[in-house]
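A quick write-up on the structure given underneath.
The values are calculated or read from the model by the stated rules, or taken from the named source; none is laboratory data. Keep in mind that this is a model prediction, so the values were computed, not measured. Cβ sites come from the backbone with ideal geometry, for glycine too, and all protein chains shown count toward neighbours. Surface accessibility is based on the protein's heavy atoms, side chains included, excluding ligands, DNA and RNA. Shrake-Rupley method; radii C 1.70, N 1.55, O 1.52, S 1.80 Å.
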Amino acid sequence: MDRRSFLKQASAYALATTWTMTNLEQIFAATPPAKRNETREPGKSMEHRNLGGMEVSAIGLGCLPMVGYYGGKYDKKEMIALIRRAYDKGVTLFDTAEVYGPYTSEEWVGEAVAPFRDKVKIETKFGFGVEEGQPTALNSRPDHIRRAVEGSLKRLRTDHIDLLYQHRVDPNVPMEDVAGVVKDLMQEGKVLHWGLSEASARSIRRAHSVCPLSAVQSEYAIWWREPETKIFSTLQELGIGFVPYCPLGRAFLTGIINENSRFQKGDRRYNLPQFQPEALKHNMPLVYLVEEWAKHKGVTPAQFALIWMLSRKPWIVPIPGTTNPDHLDDFLGAASVRLMPYEMEEFDDAYARIDLMGHRADPFTESQIDK
C-alpha cells in the first residue's frame, strides 16, 4: 500500500469513529484555544480516560528520558521533583520499565510517587534479560517474568503493579504461556492490569483470549501512523486502550529540531533513520505544517501534536517524556483542547501531500518488533 492510500484508509477509519465522540469529548472539542504558556490550576482541566478498565489522566508521563536516553545525566532529586510536578498538574499515569537504566527509572518513580501511591497508576514492563545480565536480549520465560515482577515491586516500593506490559513479544515463548503467568500474578494481587508493547494484532488476540488485555503500547505520532491500520481495529473491537510512546516524534514535532540538528553517540536518535541529516532536511515540511496548525489553534507545536492524537480516539493515552519542567508544563497544556472532525480531515489532507523520509527504528530494534 502506498503512502497516500494508507493515509486515506487510516483517516477514513479514524474519522468514521470520531463522529461518535462522547459528550465529554465534544465539550473538549468546543473549548476555546488554550493560551500559550497558560498556568493551570493543579489537577484541573485534565480529562480522564479508560484503558481497558483502568482510569487514568488523558496524558501520562514517560520516565525513560530521565535516565539519559537522549543523552546527558540528570539529578535524581530534580527528576523526582519533575514527577511530583506532573502529579500536581493532574497526571495520574507514570510509565517506566526495569530495563530503563536498568532499574534506575523504576527506583526514581517508586520514590517520587510514594507520598501519593494510591492516587496514581504505575505501568512497568518485563521482557528483556535484565535479570540475567542480557538487557538487549528478549526473555519472557515464565521464571524470568516472576523474577522481573518481584524486582519491579521492590524498586517501585509497592505491593502491586497497576499495568504490567510484556515489553516485546518473545518468539521463543508461546503467548499463551506468557498470558498464563501474568494471569497467575493477577490472581495473586501483584498485577492489576496487563498489556503488550509493539505487538501485532495476532499476538494481541492470542494474549487477550487467555487473560484480557487493558492496553497496548506502541510508538505512534503524526509522522509514524502504522498502528492505525495494523492494530486500531483490533483494539477497538476488544475494548483495549492504546498508550503511544514518543508522541512528539522524539521532539521533532515540537519545532526544536531542524535540518541542522545533529546527535551524538549516547543520544537514542544518533542512529535512527528519521534523524539522519538528509531525512531531517527532507521532513521539515511536516514541522512547518504542525507549526501552522498550532498557530491556528492558539497552542504550541508540542501541544498540537498531542491534541491531534487525543482527538482521534477516546481510548488513546499518550505518554510524552521529558526532563524539563517547562516542557512538561507545555505539553500538559494539550489536556483541554481538541480538534473537530473536519479539522482532522483538513490536516490529514495537507499531511498526505508531504513526502516523508526515514524509518522510525534501526535494524536491530526493528528485528525485535512483532509483525
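What whole-number value in Å² describes the accessible area per residue of the chain for a 1.4 Å probe?
On the way: 15440 Å² over 371 residues.
Spelled out: the 1.4 Å probe surface of the chain, per residue, equals 42 Å².
Round to the nearest 0.05 the FRET efficiency obtained for GLU188 and ALA114 when R0 = 30 Å and r is the Cβ-Cβ distance.
Details: r = 22 Å, r/R0 = 0.74.
My answer for the efficiency is 0.85.
For TYR165, list long-range residues whose amide hydrogen, built 1.01 Å from N in the peptide plane, is under 5 Å from its own amide hydrogen.
Those qualifying (amide H under 5 Å, at least 5 residues apart or on another chain) are THR124, LYS125, PHE126, GLY195.
In whole Å, what are the Cα extents of the range 303-369 along the three principal axes, biggest one first?
Largest first, the range 303-369 extends 38, 35, 22 Å along its Cα principal axes.
If one puts a single equal scatterer on every Cα of the range 90-246 and applies the Debye formula without solvent, what log₁₀ I(q)/I(0) results at q = 0.11, 0.13, 0.15 Å⁻¹?
Debye curve over Cα of the range 90-246, log10 I(q)/I(0) at q = 0.11, 0.13, 0.15 Å⁻¹: -0.40, -0.56, -0.76.
Using Cα pairs under 8 angstrom and six or more residues apart, how large is the relative contact order of the chain, in percent?
23 percent
Ordered by residue, what ³J(HN,Hα) values in Hz, to whole numbers, does the range 140-157 give under the Karplus form 6.51 cos²θ - 1.76 cosθ + 1.60, where θ = phi - 60° and Gly and Pro are x?
These are the phi-based 3J(HN,Hα) values: 10, 5, x, 5, 5, 4, 5, 5, 4, 5, 4, x, 5, 4, 5, 5, 7, 6 Hz.
What list of ³J(HN,Hα) values in whole Hz, one per residue of the range 172-188 in order, does the Karplus curve 6.51 cos²θ - 1.76 cosθ + 1.60 (θ = phi - 60°) give from phi, with Gly and Pro shown as x?
8, 10, x, 4, 5, 5, 4, 4, x, 5, 5, 4, 4, 5, 5, 5, 7
Would you mind telling me the share, in percent, of accessible area of the chain contributed by carbon and sulfur at probe 1.4 angstrom?
For the chain, the apolar C and S fraction of the accessible surface comes to 51 percent.
For the range 243-350, just run the numbers: alpha carbon Rg, then divide by 2.2 N^0.38 Å, N being how many residues it has. Provide the component values of the computation, followed by the final result.
Values: Rg = 14.1 Å, N = 108, 2.2 N^0.38 = 13.0 Å.
Compared with the compact-globule rule of thumb, the range 243-350 sits at 1.08.
Compute a Gaussian network model of the chain, connecting alpha carbons closer than 10 Å, and tell me which residue from PRO135, PRO171, PRO320 fluctuates the most.
PRO171
Which whole-Hz couplings ³J(HN,Hα) result when phi for each residue of the range 326-340 is put into the Karplus expression 6.51 cos²θ - 1.76 cosθ + 1.60, θ = phi - 60°, listed in order with x for Gly and Pro?
Per-residue couplings from phi come out as 5, 5, 4, 4, 4, 6, 5, x, 7, 5, 10, 10, 9, 8, 7 Hz.
Which of the GluC sites (Glu not before Pro) found in the range 117-223 are in a DSSP loop and have at most 15 neighbouring Cβ atoms, other than their own, within 10 Å?
GLU132, GLU188
P(r) of the range 189-278 in 10 Å steps, Cα pairs, percent per bin?
Values per bin, smallest distances first: 15, 38, 24, 18, 4, 0.
Too long at a 19 Å Cα-Cα cut-off: which of LYS119/LYS190; LYS230/LYS371; LYS121/LYS190; LYS154/LYS190; LYS121/LYS154; LYS73/LYS281? Walk me through the numbers on the way to the answer.
Working: LYS119/LYS190 17 Å; LYS230/LYS371 9 Å; LYS121/LYS190 14 Å; LYS154/LYS190 11 Å; LYS121/LYS154 16 Å; LYS73/LYS281 29 Å.
Listed pairs above 19 Å: LYS73/LYS281.
Give me the Å³ per residue figure for the convex hull around the C-alpha atoms of the chain. Each step should come with its number before you reach the end.
Working: hull volume 47.4 nm³, N = 371.
About 128 Å³ per residue, rounded to a whole number.
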